[in-house]
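The values are calculated or read from the model by the stated rules, or taken from the named source; none is laboratory data. Bear in mind that the values here come from a model prediction, so they are computed numbers and not experimental data. No Cβ is skipped: glycine too gets one built from the backbone with ideal geometry, and neighbour counts run over all protein chains shown.
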Amino acid sequence: MDALLSPRRRHLLTAMGAATLAAACGVRPSAASGALHFAGPTMGSTYNVRLAGGPFDAELEAAARAAVEAAFAGVVHRMSTYDAASELTRFNRHASSERFALSPQTLSVLARAQQVAAASHGAFDVTVGPLVGAWGFGAAAAPRDGAVARAALDAPVGWRQLSLDPVAGTARKSAPGLQIDLSGIAKGHAVDSAAQALQALGFERYMVEAGGEVRTQGLNAEGRPWQIAIERPDSWPQQVHRLLPLQGLAMATSGDYRNFYEVAGRRYCHEIDPATRAPITHGLASVTVVHEECMAADAWATALIVLGVERGLALARAQGLAALFIVRDAGGALRDAVTPAFAALTLPGAGTARG
């Protein structure tokens, strides 16, 4: 899972990635020309927003920026494991099987997480919080030495131990020690929330990006679908692996090269396999998923990279997902594997919202 909402993200790398993506969108940030760009820090990373269809005045720009930043701040307030006062942190401290009241926003994210967990046979599992921390990728400081305490490995993990009651507005742990980590889905939800905030203000042509997760609507300032960059794994300086035209669709990527450490020649990445309770070790470098909803794209990208290329491709095809798998061989060479739905996005006239 991505180490979202973390102040320990690789800020320079993230910022460069955002700049690469923004440049790929082919829009000059000029209010006079009908295009506008603004950016800032969020969730231990950065965000970029591009608007088309202006002209835009200072008041409209300020309203858009305020709406986007309020949307991001709301997600942090509810779902960050780095905020001791967040709703999620308080739920994690709730060492009881009694029901716990949660906001509709958090419950909706948990509901989507449980749907993807069931569909992926547990490859996506938000209850891996203790494992994320034990391997050195969580909010609590943990040594990055490749060693994990037995107590952490024995911690309760399993998406079926979390039950939701959307009518009552509550969640319940069947194992009181269950710990939730929404890093693999909350960032996508944050992008969706920011996009909805822009939509509520009347914007119909925009691109919202936060830490590499993207949602688009309408056409860019040049009258074309937004050209979204997919990063090439392991490249430095960063390089664009592919450009994807998107209109009315969202995109999320999970990779093993964004947050990792090495001990004695072995690589430990932040993508945790709930089945093995350890970081993934297969040769899949990244998975990109395109979906109508960024939250769903985010969760599915995490699930598919956990499964690996063979099982992940099979499940993505069965689910009708548009997914790009970038596979790293033993020598470090990269190759692509795509689902039919992803291949269709690169065809002339593709990249628009599906019915």
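At a glance:
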| quantity | calculated |
| --- | --- |
| Pairs with Cβ under 9 Å, 6+ apart, first in the range 253-281 and within 17 Å of G122 (Cα to Cα) and among the β-branched types (V, I, T), second surrounded by fewer than 23 Cβ atoms within 10 Å (Cβ to Cβ) and at pLDDT below 80 | I280/C269 |
| Considering residues of the range 226-266 that are at pLDDT below 75 and in a strand (DSSP E or B) only, the residue nearest to V306 (Cα to Cα) | F260 |
| First in the range 169-184 and within 23 Å of A303 (Cβ to Cβ) and of a type in the set (D, E, K, R), second anywhere and surrounded by 15 or more Cβ atoms within 10 Å (Cβ to Cβ) and modelled with pLDDT of 95 or more, Cβ under 7 Å, 6 or more apart | K173/Q161; K173/L162; D181/V126 |
| Within the range 98-142, considering residues that are part of a helix (DSSP H, G or I) and at pLDDT below 95, the one nearest to M79 (Cα to Cα) | G129 |
| Output for the range 47-79, where each listed residue is assigned to a strand (DSSP E or B) and more than 12 Å from A190 (Cα to Cα) | N48, V49, R50, L51, A52 |
| Subset of the range 74-93 [touching a residue at least 24 places away in the same chain (Cβ under 8 Å), surrounded by fewer than 18 Cβ atoms within 10 Å (Cβ to Cβ) and hydrophobic (A, V, I, L, M, F, W, C)] | none |
| In the range 206-225, residue farthest from A337 (Cα to Cα) [restricted to those that are part of a loop (DSSP other than H, G, I, E, B) and within 19 Å of the chain's Cα centre (by Cα)] | G211 |
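Residues checked against (1) among the basic types (K, R); (2) touching a Gly at 6+ places or on another chain (Cβ under 9 Å); (3) part of a helix (DSSP H, G or I):
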residue	(1), (2), (3)
A275	no, yes, no
H282	no, yes, no
V287	no, yes, no
V290	no, yes, no
A301	no, yes, yes
I305	no, yes, yes
L315	no, no, yes
V327	no, yes, no
